[in-house]
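The values are calculated or read from the model by the stated rules, or taken from the named source; none is laboratory data. Bear in mind the structure is a predicted one, so any value in this text is a computation, not a measurement. A quick note on method: Cβ atoms are made from the backbone with ideal geometry, for glycine too, and the neighbour counts reach across all protein chains shown. Side chains are part of the model used for accessible areas, which takes the heavy atoms of the whole protein and leaves out ligands, DNA and RNA. Shrake-Rupley method; radii C 1.70, N 1.55, O 1.52, S 1.80 Å.
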Amino acid sequence: MARPPTAAQRRVIDAADPVTGRLRGTEAQLDALVKRGLAFRHPRPPHDHFLTPTGHRIRETAPEEPERSAEQAADPATGVFAAHVGGTQEAADTGPARAREVHSAWQGLLELRRMTHTDGATDRPCGWERAHLVQAAALALEAAGHPPEAGGSPGYRVRATPQPEAVAVHASDGEALRACAITLEGAGWQVGEYTEPRTRARYVLASPRRV
């Protein structure tokens, strides 16, 4: 097994931006992480440093983590922030502070798209989104202002499916479902509306668009 990062390196990794993986540290710390394959220096100005997939995995497998809410713990890849996926018994936080967090996370995701696509495009999902389908789709919906189903209030629910690179989106009625589909399509997802054979309930199947 590879030697684990030092305590100082671990602190730099843990402090990385939860969405983009952008790092802050001394040049020596950042260079050491690059040499170990845990970070890379972006070729475009201002040449910031970001976690590699290996660095992200180390960040996700922290030996000790502070206690977090059930919603945050549902997706350790996002660390501090987790989008509302819907279907919770507790009411969803929709206050101003949450709105700022969602906006910041969405802008960070757009920046991640720009950095990781060779053409710098932001109109289609990136690798992180394909690895975290439910969170990515939920973030797109929440950032667009759609309410999640929570605490007895109607809204969207995003769920994983057996199909590769596809999530199912459910909503309280046909109009809300179509609105979710329009939002996801605008965020770079391919969408289609289907009927569940047993319940006859309508749902949207969404997959990240590649081109």
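So is Q135 open to solvent by less than 60 Å² (accessible area, probe 1.4 Å) and in contact with a strand residue (DSSP E or B) (Cβ under 9 Å, 6 or more places away or on another chain) or not? Spelling it out, Q135 is indeed open to solvent by less than 60 Å² (accessible area, probe 1.4 Å) and in contact with a strand residue (DSSP E or B) (Cβ under 9 Å, 6 or more places away or on another chain). With respect to (1) without any contact (Cβ under 8 Å) to a residue 60 or more places away in the chain; (2) out of contact with any helix residue (DSSP H, G or I) (no Cβ under 8 Å at 6 or more places or on another chain); (3) farther than 14 Å from H170 by Cα, the lone exception for P147 is condition (3).
Residue count for the stretch 85-112 under the criterion of being touching a residue at least 60 places away in the same chain (Cβ under 8 Å), among the β-branched types (V, I, T) and in a loop (DSSP other than H, G, I, E, B): the result is 1.
Looking across the stretch 113-129, just one residue is under 15 Å from the mean Cα position of the chain (by Cα), of a type in the set (A, V, I, L, M, F, W, C) and not in a helix (DSSP H, G or I), and that is C126. Got at least one residue in the stretch 79-97 being touching a Phe, Trp or Tyr at 6+ places or on another chain (Cβ under 6 Å) and more than 21 Å from A201 (Cα to Cα)? Scanning the stretch 79-97 turns up no residue that is touching a Phe, Trp or Tyr at 6+ places or on another chain (Cβ under 6 Å) and more than 21 Å from A201 (Cα to Cα).
Among the residues of the stretch 95-107, not a single one is open to solvent by 40 Å² or more (accessible area, probe 1.4 Å), touching a Pro at 6+ places or on another chain (Cβ under 6 Å) and at pLDDT below 95. Residues in the stretch 153-211 that are of a type in the set (V, I, T) and either surrounded by 15 or more Cβ atoms within 10 Å (Cβ to Cβ) or touching a Leu at 6+ places or on another chain (Cβ under 8 Å) (or both): V158, T161, V167, V169, T183, V191, V204. Within the stretch 16-31, being under 13 Å from W128 (Cα atoms) and in contact with a strand residue (DSSP E or B) (Cβ under 9 Å, 6 or more places away or on another chain) holds for T20, G21.
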